[in-house]
1. Evaluate the following for Ile128: is it open to solvent by less than 30 Å² (accessible area, probe 1.4 Å), closer than 19 Å to Ala49 by Cβ and outside any strand (DSSP E or B)?
2. With the condition kept exactly as written, say whether any residue in the range 16-32 is open to solvent by less than 80 Å² (accessible area, probe 1.4 Å), closer than 24 Å to Leu112 by Cβ and among the polar types (S, T, N, Q).
3. Under 8 Å between Cβ atoms, which residue pairs at least 6 apart in sequence (or on different chains) link something in the range 55-81 that is of a type outside the set (Gly, Ala, Ser) with a partner that is at pLDDT below 95 and loosely packed, with under 10 Cβ neighbours inside 10 Å?
4. Which pairs do you get when a residue that is under 14 Å from Lys170 (Cβ atoms), found in the range 85-100, comes within reach of a residue that is at pLDDT 95 or above and among the polar types (S, T, N, Q), reach meaning Cβ atoms under 6 angstrom, with the pair 6+ apart or on two chains?
5. Is it the case that some residue within the range 137-147 is modelled with pLDDT of 95 or more and within 15 Å of Val52 (Cβ to Cβ)?
Amino acid sequence: MLNEENAEKPVKLIERKLAYQGHVVSVYEDHVDVGGHETRWDFIHHVGAAAVLPVLPDGRLLLVRQYRHALGRYTLEIPAGKRDSEEESFETCAKRELEEETGYRCDDLEFLLYVNTTVAFLDEKIGIYVARDLKSGTVHWDEDEELGVEAWELSDLQKLIYEGKMTDGKTVAAIQSYAAKYHKN
């Protein structure tokens, strides 16, 4: 079994050039040495994000429905958003996104898991939390957001996952981790 802590890095970064600076990501062209073979790889940097799985008192889960341009369709997702900076904690970001997107607040989030979204070329890391004991807050959608907030039963969300109708990675990971941790049969 490979021990990541002690494994020798098989890749040596020779040079990194910024190819594009966007609003959300920075795209680089990396010149690397892979075991004596030089090649170029794409690398995308993201400051990270946080997401939250809000749980209503009756056990239903709150998700947001929003249009995703990259997919050309609406998706059903847990509330999430980009950290304001690399110094902002994942928990602080999760609390902000919960209120901004659902209109609910939560003082004490429970950490659920971290996910790296696309490890082949993107370093985005998402901290995912569970929110219970929700309190009324104020929705603050970004000017480019139009969201619908929906309450769902866990079993219905899992059915969407198994039917291939829910494919957002952070949402699938959150729902399945939540089910495994809190709803053991």
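The values are calculated or read from the model by the stated rules, or taken from the named source; none is laboratory data. Remember, it's a predicted structure, so these values are computed and weren't measured experimentally. So basically every Cβ, Gly included, is an ideal-geometry build from the backbone, and we count neighbours across all protein chains shown. Surface areas here come from the heavy atoms of the whole protein model, side chains and all, with no ligands, DNA or RNA. Shrake-Rupley method; radii C 1.70, N 1.55, O 1.52, S 1.80 Å.
1. On the way: open to solvent by less than 30 Å² (accessible area, probe 1.4 Å): yes; closer than 19 Å to Ala49 by Cβ: yes; outside any strand (DSSP E or B): no.
When the stated conditions are applied, Ile128 does not pass them.
2. Of the range 16-32, the ones open to solvent by less than 80 Å² (accessible area, probe 1.4 Å) are 19, 22, 25-32.
Add one more test, that the residue is closer than 24 Å to Leu112 by Cβ, and what stays is none.
There is no residue in the range 16-32 that is open to solvent by less than 80 Å² (accessible area, probe 1.4 Å), closer than 24 Å to Leu112 by Cβ and among the polar types (S, T, N, Q).
3. Pairs that qualify, where the first residue is of a type outside the set (Gly, Ala, Ser) and the partner is at pLDDT below 95 and loosely packed, with under 10 Cβ neighbours inside 10 Å, are Tyr67/Arg73.
4. Filtered contacts from the range 85-100: no entries.
5. Taking the range 137-147 as the starting set, the residues that turn out to be modelled with pLDDT of 95 or more are none.
Among the residues of the range 137-147, not one is modelled with pLDDT of 95 or more and within 15 Å of Val52 (Cβ to Cβ), which makes the answer no.
A quick yes/no check of all residues on (1) open to solvent by 60 Å² or more (accessible area, probe 1.4 Å); (2) under 30 Å from Trp41 (Cα atoms):
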position	(1), (2)
Ala70	yes, yes
Ser85	no, yes
Glu91	yes, no
Lys95	yes, no
Cys106	no, no
Gln158	no, no
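Residue-wise test of (1) open to solvent by 30 Å² or more (accessible area, probe 1.4 Å); (2) in a helix (DSSP H, G or I).
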{"residue": "Glu99", "(1), (2)": "yes, yes"}
{"residue": "Val115", "(1), (2)": "no, no"}
{"residue": "Ser155", "(1), (2)": "yes, yes"}
{"residue": "Lys165", "(1), (2)": "yes, no"}
{"residue": "Ser177", "(1), (2)": "yes, yes"}
